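Notes for the one structure printed next.
The values are calculated or read from the model by the stated rules, or taken from the named source; none is laboratory data. Everything numeric here is computed off the predicted structure, so don't read it as measured data. Positions of Cβ are generated from backbone atoms using ideal geometry, with glycine treated the same way; all protein chains shown enter the neighbour counts. Protein only, heavy atoms only, side chains kept; ligands, DNA and RNA dropped before computing areas. Shrake-Rupley method; radii C 1.70, N 1.55, O 1.52, S 1.80 Å.
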Amino acid sequence: MPTNRERIEEWSKAYWLLRFYQNFLFKLYFKTEIVGMEKLPPNTTFIFAPNHQNALIDALAMLTLKHSWQPIFLARADIFKKPLVSKILTFLKIMPVYRIRDGFENLSLNDSIFLKTMDIIRKGNGLVILPEGNHAGFKMLRPLKKGIARIALQTEDASDGSLNIHIVPVGLDYSNYVRYRSKLLIRIGEPFPVKKYLDLYRQNKALAYNALIDELSERIKAEMIHIEDEQNYYEYLFLTQLFPKRFIKENKLPNTLNQAFEISKRLISKLDSLKESDRSTFDGIIQLTHELRDRISANRIKLQALPLKVSKAFNLLWMVPLFIVLSPLAIFGFINHIIPIIIPYQLSKKFEDVQFHSSVRHAAGLLLLPLAYLIQTVIVGLILKSLAMALLYLVLLPPTAVILYYWRKLFYKIRGLTSILIFAMRNRNEFELINNHFNRLMNDIKSIF
């Protein structure tokens, strides 16, 4: 288990086991779909460059790409100050990068990091750099830092172009940054060679950095949902959440995350073009979108419930009995998972930055879930004085956790259907007005799509 930075590029069995366990729980947390892996040619040196919206989760998402992959990550140096933390981060294959804010006198330490980066690349380990530098929970790419260009070009230059480093743009798209079982699409873009900028680098480093960053920025934008219109950002976002699902259903297209992504990208492009060619029509769509958002928000209606249909309430006839039948098992599941559920949730609430919530919950769950299972199984065995009963209890824990999840999901569906039914009975005019807004908006979008 290498905790010495000099050996960070070495393959670690302990890290592999931890990563296997992490990936398993990660894909339970996020329904993950990966596209574009076929674009990565074999025997090629890669630096992966994903967009950065969801704190530590973005880095963990990159670990899911290959089963045996042990990439190295670069992170800001200030988190390495404590020796124990530094050892843990090194075991997790994370290296520091020093910035001016870390002290001008520490910038020279980047020389050794640069030399180690060359070892990593020569060894064939993938290098992962989040080029935005920090995270922000918006579906837009922010200006990239030049660190990735410096590392890539300096390393390629030092090898006289023999390493043939390729930078891989990666797009990460979350349906929700925090919610358990939300969706994550990972899109691998076309790798491009660093050495195409090597001659320019040798003539003018600054121009080469800028040129590489400009190309990388455009390539990352192509693989993610990027909304440039900040003034109408939430209207754009609302439409990308609303229209693809309906379009897929009406046209009987494959119901995949990537299909919805492609539709969203096309929709954003159409809206951007419409804004330039027909401002009046564009403003009408934006205004209608804004009004629909306000109305469903004021009436506490979820976007997923649109269009509103009273007929959906007939599902309550089977949902309510099923909810009642599953309740004992779900309560058993909750009681026996209260530690890995409540503690991560409460810990995450200590962070004002919502983008840290899923990172904290996932990391705490990684530690607490096996500990809770072990301790509770031992307690049950001691109380019942039976190894067989203790093992039976342990076997029942995962299924009851699954039942708890679907029971909770069923509860929210019942509550949603009931609230829509009551809303329709109490405020029929508003009910119909929301549906009219929705139908008009969908027709307007289809006319430009």
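The set of residues in the range 261-286 that are under 24 Å from Arg187 (Cβ atoms) and in contact (Cβ under 8 Å) with a residue 60 or more places away in the chain comprises Phe261, Arg266, Leu267, Lys270, Leu271. Does any residue of the range 240-260 turn out to be under 26 Å from Ile129 (Cα atoms) and either modelled with pLDDT of 95 or more or open to solvent by less than 50 Å² (accessible area, probe 1.4 Å) (or both)? Yes, some residue in the range 240-260 is under 26 Å from Ile129 (Cα atoms) and either modelled with pLDDT of 95 or more or open to solvent by less than 50 Å² (accessible area, probe 1.4 Å) (or both).
Report those helices (runs of 4 or more DSSP H) wholly inside the range 298-408 carrying at least 2 residues which are without any contact (Cβ under 8 Å) to a residue 24 or more places away in the chain and open to solvent by less than 60 Å² (accessible area, probe 1.4 Å). Can you show your working first?
Numbers: elements: 316-336, 338-348, 357-384.
Where helices (runs of 4 or more DSSP H) fall fully within the range 298-408 and carry at least 2 residues being without any contact (Cβ under 8 Å) to a residue 24 or more places away in the chain and open to solvent by less than 60 Å² (accessible area, probe 1.4 Å), they are 357-384.
Within the range 332-342, one or more residues are over 30 Å from the mean Cα position of the chain (by Cα) and not small (Gly, Ala, Ser).
For (1) part of a loop (DSSP other than H, G, I, E, B); (2) in contact with a Lys or Arg (Cβ under 6 Å, 6 or more places away or on another chain); (3) hydroxyl-bearing (Ser, Thr, Tyr); (4) over 23 Å from Ile188 (Cβ atoms), each residue gets a yes or a no:
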position	(1), (2), (3), (4)
Pro42	yes, no, no, no
Phe46	no, no, no, no
Leu60	no, no, no, no
Ile88	no, no, no, yes
Leu141	yes, yes, no, no
Leu144	yes, no, no, no
Ala149	no, no, no, no
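Only a single criterion out of (1) farther than 25 Å from Lys39 by Cβ; (2) over 28 Å from the mean Cα position of the chain (by Cα); (3) buried (at least 19 other Cβ atoms within 10 Å of the Cβ) is not satisfied by Glu235, namely (2).
Scanning the range 29-69 for residues that are touching a strand residue (DSSP E or B) at 6+ places or on another chain (Cβ under 6 Å) and at positive phi returns a single hit, Gly36.
Every listed requirement among (1) open to solvent by less than 40 Å² (accessible area, probe 1.4 Å); (2) touching a strand residue (DSSP E or B) at 6+ places or on another chain (Cβ under 8 Å) is met by Ser159 save one, (2).
If you take the residues in the range 267-297 that are within 16 Å of Phe449 (Cβ to Cβ) and hydroxyl-bearing (Ser, Thr, Tyr), which one is surrounded by the most Cβ atoms within 10 Å (Cβ to Cβ)? Let's see the steps before the verdict.
From the range 267-297, those within 16 Å of Phe449 (Cβ to Cβ) are 267-275, 277-278, 281-282, 284-286, 288-289; that's our starting set.
Next cut, hydroxyl-bearing (Ser, Thr, Tyr) only: 269, 273, 277, 281, 289.
Numbers: Ser269: 10, Ser273: 12, Ser277: 10, Thr281: 14, Thr289: 23.
Looking at residues that are within 16 Å of Phe449 (Cβ to Cβ) and hydroxyl-bearing (Ser, Thr, Tyr), I get Thr289.
In the set (1) open to solvent by 20 Å² or more (accessible area, probe 1.4 Å); (2) within 22 Å of Glu228 (Cβ to Cβ); (3) among the polar types (S, T, N, Q), the condition left unmet by Ser264 is number (1).
Just name the residue that is modelled with the lowest pLDDT out of those in the range 126-143 that are within 18 Å of Asn110 (Cβ to Cβ) and either aliphatic (A, V, I, L, M) or open to solvent by 20 Å² or more (accessible area, probe 1.4 Å) (or both).
In this case the residue turns out to be Gly133.
For the range 151-177, which residues satisfy the criterion of being assigned to a loop (DSSP other than H, G, I, E, B) and at pLDDT below 95? Steps first, please.
Start the filter on the range 151-177 by keeping residues that are assigned to a loop (DSSP other than H, G, I, E, B), which leaves 159-164, 175-177.
Scanning the range 151-177 gives Ser159, Asp160, Gly161, Ser162, Leu163, Asn164.
Counting just the residues of the range 14-62 that are of a type in the set (D, E, K, R) and closer than 21 Å to Val360 by Cβ, which one comes out most open to solvent (accessible area, probe 1.4 Å)?
Result: Lys27.
Which one is surrounded by the fewest Cβ atoms within 10 Å (Cβ to Cβ), of the residues in the range 172-217 that are over 26 Å from the mean Cα position of the chain (by Cα) and among the aromatic types (Phe, Trp, Tyr)? For the range 172-217, the residue satisfying everything is Tyr209.
When the test is whether a residue is at pLDDT below 90, open to solvent by 20 Å² or more (accessible area, probe 1.4 Å), under 28 Å from Glu38 (Cβ atoms) and not in a loop (DSSP other than H, G, I, E, B), Arg101 does not pass it. Counting only helices (runs of 4 or more DSSP H) that sit wholly inside the range 180-256, those with at least 3 residues that are touching a strand residue (DSSP E or B) at 6+ places or on another chain (Cβ under 9 Å) are 205-222.
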